[in-house]
Amino acid sequence: LQAVTANPDAGLMMPCNVVVRAGADGKVTVRAVDPTLSAKAFGDTSLEGLAVGVRAKLAAAMRKLG
(Lines give C-alpha, C1' and ligand atoms only; values in the text may rest on other atoms or scores of the structure.)
Protein backbone atom coordinates (compact mmCIF):
# COMPACT_ATOMS: atom_id res chain seq x y z
CA LEU A 1 0.00 0.00 0.00
CA GLN A 2 2.85 2.40 0.80
CA ALA A 3 4.46 1.86 -2.59
CA VAL A 4 1.20 2.34 -4.49
CA THR A 5 0.43 5.44 -2.44
CA ALA A 6 3.87 6.86 -3.29
CA ASN A 7 3.51 5.97 -6.96
CA PRO A 8 0.33 4.38 -8.35
CA ASP A 9 2.34 2.55 -11.03
CA ALA A 10 4.36 0.75 -8.33
CA GLY A 11 1.75 -2.03 -8.45
CA LEU A 12 3.68 -3.20 -11.49
CA MET A 13 6.66 -3.87 -9.26
CA MET A 14 5.30 -4.83 -5.82
CA PRO A 15 4.48 -7.27 -4.38
CA CYS A 16 7.54 -9.14 -5.49
CA ASN A 17 7.38 -11.98 -7.96
CA VAL A 18 7.91 -15.34 -6.30
CA VAL A 19 8.14 -18.71 -8.05
CA VAL A 20 7.62 -22.01 -6.23
CA ARG A 21 8.27 -25.22 -8.13
CA ALA A 22 8.78 -28.90 -7.39
CA GLY A 23 11.48 -30.80 -9.21
CA ALA A 24 11.28 -34.38 -10.46
CA ASP A 25 13.11 -35.42 -7.29
CA GLY A 26 10.34 -33.88 -5.15
CA LYS A 27 12.62 -31.06 -3.96
CA VAL A 28 10.84 -27.70 -3.79
CA THR A 29 12.62 -24.58 -4.99
CA VAL A 30 11.52 -21.05 -4.07
CA ARG A 31 12.97 -18.07 -5.92
CA ALA A 32 12.07 -14.40 -5.67
CA VAL A 33 12.86 -11.21 -7.52
CA ASP A 34 14.97 -8.76 -5.52
CA PRO A 35 12.61 -5.83 -4.92
CA THR A 36 15.50 -3.36 -4.62
CA LEU A 37 16.56 -4.16 -8.17
CA SER A 38 12.99 -3.81 -9.37
CA ALA A 39 12.69 -0.43 -7.66
CA LYS A 40 15.87 0.82 -9.30
CA ALA A 41 14.69 -0.40 -12.69
CA PHE A 42 11.36 1.36 -12.13
CA GLY A 43 13.26 4.63 -11.90
CA ASP A 44 11.42 6.19 -8.94
CA THR A 45 13.84 6.85 -6.09
CA SER A 46 10.97 7.32 -3.62
CA LEU A 47 10.29 3.58 -3.89
CA GLU A 48 13.82 2.44 -3.14
CA GLY A 49 13.48 2.82 0.64
CA LEU A 50 10.25 0.86 0.62
CA ALA A 51 11.88 -1.83 -1.47
CA VAL A 52 14.63 -2.26 1.12
CA GLY A 53 11.97 -3.01 3.73
CA VAL A 54 10.19 -5.44 1.43
CA ARG A 55 13.49 -7.16 0.69
CA ALA A 56 14.17 -7.64 4.41
CA LYS A 57 10.73 -9.18 4.98
CA LEU A 58 11.09 -11.42 1.95
CA ALA A 59 14.55 -12.56 3.06
CA ALA A 60 13.19 -13.39 6.54
CA ALA A 61 10.42 -15.48 5.00
CA MET A 62 12.89 -17.28 2.73
CA ARG A 63 15.15 -18.09 5.71
CA LYS A 64 12.20 -19.71 7.50
CA LEU A 65 11.76 -22.03 4.53
CA GLY A 66 15.22 -23.44 5.18
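The values are calculated or read from the model by the stated rules, or taken from the named source; none is laboratory data. Everything numeric in this text was worked out from a predicted model, so none of it was measured. Positions of Cβ are backbone-derived with ideal geometry, glycine not excepted, and every protein chain shown enters the neighbour counts. Calculation scope for accessible area: heavy atoms of the full protein, side chains included, ligands and nucleic acids excluded. Shrake-Rupley method; radii C 1.70, N 1.55, O 1.52, S 1.80 Å.
For this structure, a couple of remarks:
- Within the shell defined by Cβ-Cβ distances under 13 Å, the residues around ALA41 carry a net charge of -3, with Lys and Arg each +1 and Asp and Glu each -1.
- Computed with a 1.4 Å probe on the full set of protein chains, the accessible area for LYS27 sits at about 130 Å².
- Cα-based reach from LYS40 at 16 Å (exclusive), listing aspartates and glutamates while leaving out same-chain residues under 8 positions away: ASP9, GLU48
- Of ARG31, ARG55, ARG21, the one that fluctuates the most in a GNM where the chain has Cα springs shorter than 10 Å: ARG21
- The residues of the chain expose, per residue, 73 Å² of accessible area to a 1.4 Å probe.
- Listed options for P(r) over Cα pairs in 5 Å bins from 0, in percent are (1) 3, 16, 21, 23, 23, 12, 2; (2) 3, 16, 20, 18, 14, 10, 9, 6, 2, 2, 1; (3) 3, 17, 27, 20, 13, 10, 6, 3, 1. The value calculated from this structure is the one marked (3).
- Only helices enter this figure: runs of n ≥ 4 DSSP H residues, each worth -39500 (n - 2.57), summed and divided by the residues of the chain, yield -14000 deg cm²/dmol at 222 nm to the nearest 500.
- Near LEU58, once Lys and Arg are set to +1 and Asp and Glu to -1 for all other residues with Cβ below 12 Å from its Cβ, the sum equals +4.
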